[in-house]
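Quick notes on the structure that follows.
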Amino acid sequence: MIKSNETAVADLLASGRGSGEIRLTGTVTRIQRHTTRAGHEWATLTVADGTGRIEARALPRAWASSDRDAVAVGRAVTVTGLINAAGGDGPVEIYCTGLAPAPTVPAAAAATPCGPVAVDPPVTWYADVDLDGAVYPTRTRVDGPEWAVPDSAHLLHGLTRRETVLLDAVHEAGHAVAALAVSAHLHYVLVGAVAHNASARGYTEACGLARGRALAAYCGAGERAADRWLRENGLWTPVRGVAVELEAAGDRRTYREHHPDVSFGGTGPDYRGVHDAADAVLDRYWPAVRAVAAALVEHRRLDGDAIATITGLPNGPRTHADRHDRRIPITIRPYT
């Protein structure tokens, strides 16, 4: 989450500010190095924070005083400097007065190897939405008659193309960070067209997820991250809340294949426990999710080791299916 004394890139660009001091934290997605005629080195960095990206110019004095080993592509940095918009109407950029590595994301939490998810009292699940001829339970209620929803894309009407892509990136980043946080192995993540599923807008592949709370955190993190991002950016509406739940249909199916006793307000353990497990991971690693989402918007595909570098979380060992092994390989289904 962006700290109270920092500014989000999107807020800066929307403000119209062309001067003044600024402080922001984001992930470095590009570095261009330069040399002055006098032989002094300086650099132009592209920094993305999950809401947008901006160029920061580290002139010789600022560049010389920075930790150049820590300020690298894929690393999180905190930039302080002066806002500049050429001629008052040119692109906004920052002239750095300070450039430092951002605080390291905390080490991964230990995963619960197996067993049921502990749950609080059930939430209310609504049966207002029909998906593929069956009731699709949602935590969000919308006014009006029962919905017959062919897909969720039209429910995001009103978001810009860029906002929609970033929302997809946040969904996948939630899965990716959750996988690393529970010590699973993350293969890769992509946002955009999926070759084996024309209707999908993103895909995350991981293995070595332990049954129980680890699998719950992973399966629930996509929809909970998307819902959180919409609320954080003032874009949440009940309709969009339903949309992000619908996009998690495959994620929910995956979890219930391994925990068929879980229900939506029925007699078994409530699916709210999956959301709670995911929320616990997102609470701890939300800055990492935002950083991964920004990098996905920039590159569209990242492998697990690259995401481990961005987040500071280790990529767990690759595992194989074995009926004697309590850790099971899972490939998340693309959401539709």
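Taken over the stretch 39-50, the criterion of being outside any strand (DSSP E or B) and at pLDDT 90 or above is satisfied by Gly39, His40. Return a yes/no flag: does the stretch 197-208 have any residue that is modelled with pLDDT of 90 or more and of a type outside the set (A, V, I, L, M, F, W, C). Within the stretch 197-208 (the criterion being modelled with pLDDT of 90 or more and of a type outside the set (A, V, I, L, M, F, W, C)), the answer is yes, since at least one residue qualifies. Within this structure, Ala193 passes the test of being exposed (fewer than 14 other Cβ atoms within 10 Å of the Cβ) and modelled with pLDDT under 75.
For first residues located in the stretch 203-228 and in the same structural domain as Thr319 (by TED's automatic domain parsing) and free of Cβ contacts under 8 Å to residues at least 24 places away in the same chain, partners that are in a helix (DSSP H, G or I) and of a type in the set (Val, Ile, Thr) and lie 6+ apart or on another chain with Cβ distances below 9 Å form the pairs Asp227/Val244. When you look at Ala176, is it buried (at least 24 other Cβ atoms within 10 Å of the Cβ), assigned by TED's automatic domain parsing to the domain that holds Ala249, modelled with pLDDT of 85 or more and in a helix (DSSP H, G or I), yes or no? Criteria met by Ala176.
For every residue, the table says whether it meets (1) among the acidic types (Asp, Glu); (2) out of contact with any Leu (no Cβ under 9 Å at 6 or more places or on another chain); (3) outside the structural domain of Val165 (by TED's automatic domain parsing); (4) under 15 Å from Leu215 (Cα atoms).
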| position | (1), (2), (3), (4) |
| --- | --- |
| Trp236 | no, no, no, no |
| Val239 | no, no, no, no |
| Val242 | no, no, no, no |
| Glu245 | yes, yes, no, no |
| Tyr255 | no, no, no, yes |
| Asp276 | yes, yes, no, yes |
| Tyr285 | no, no, no, no |
| Val289 | no, no, no, no |
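Taking Thr80 as the residue in question, decide whether it is surrounded by 13 or more Cβ atoms within 10 Å (Cβ to Cβ), polar (S, T, N, Q), over 19 Å from the mean Cα position of the chain (by Cα) and at negative phi. Yes, satisfied.
Based on this model, can you work out whether Leu159 counts as at pLDDT below 90, over 17 Å from the mean Cα position of the chain (by Cα) and in a helix (DSSP H, G or I)?
Details: at pLDDT below 90: yes; over 17 Å from the mean Cα position of the chain (by Cα): yes; in a helix (DSSP H, G or I): no.
So Leu159 does not fit the description; no.
Within the stretch 13-36, is there a residue that is crowded, with 19+ Cβ neighbours inside 10 Å, free of Cβ contacts under 8 Å to residues at least 60 places away in the same chain and assigned to a loop (DSSP other than H, G, I, E, B)? No, every residue in the stretch 13-36 fails to be crowded, with 19+ Cβ neighbours inside 10 Å, free of Cβ contacts under 8 Å to residues at least 60 places away in the same chain and assigned to a loop (DSSP other than H, G, I, E, B).
Can you list the helices (runs of 4 or more DSSP H) found entirely within the stretch 212-329 that contain at least 2 residues being at pLDDT 90 or above and within 25 Å of Leu131 (Cα to Cα)? Let's see the steps before the verdict.
On the way: elements: 213-232, 238-246, 249-258, 272-299, 304-311.
Result: 213-232, 238-246, 249-258, 272-299.
The residue pairs whose first member lies in the stretch 47-68 and is among the small types (Gly, Ala, Ser), whose second member is in a loop (DSSP other than H, G, I, E, B) and surrounded by 15 or more Cβ atoms within 10 Å (Cβ to Cβ), and whose beta carbons are closer than 6 Å, counting only pairs six or more residues apart or on different chains, do not exist in this structure.
The values are calculated or read from the model by the stated rules, or taken from the named source; none is laboratory data. The shown structure was predicted, so the numbers you read here are calculated from the model rather than taken from an experiment. In this analysis, Cβ positions are derived from the backbone assuming ideal geometry, glycine residues included, and neighbour counts consider all displayed protein chains.
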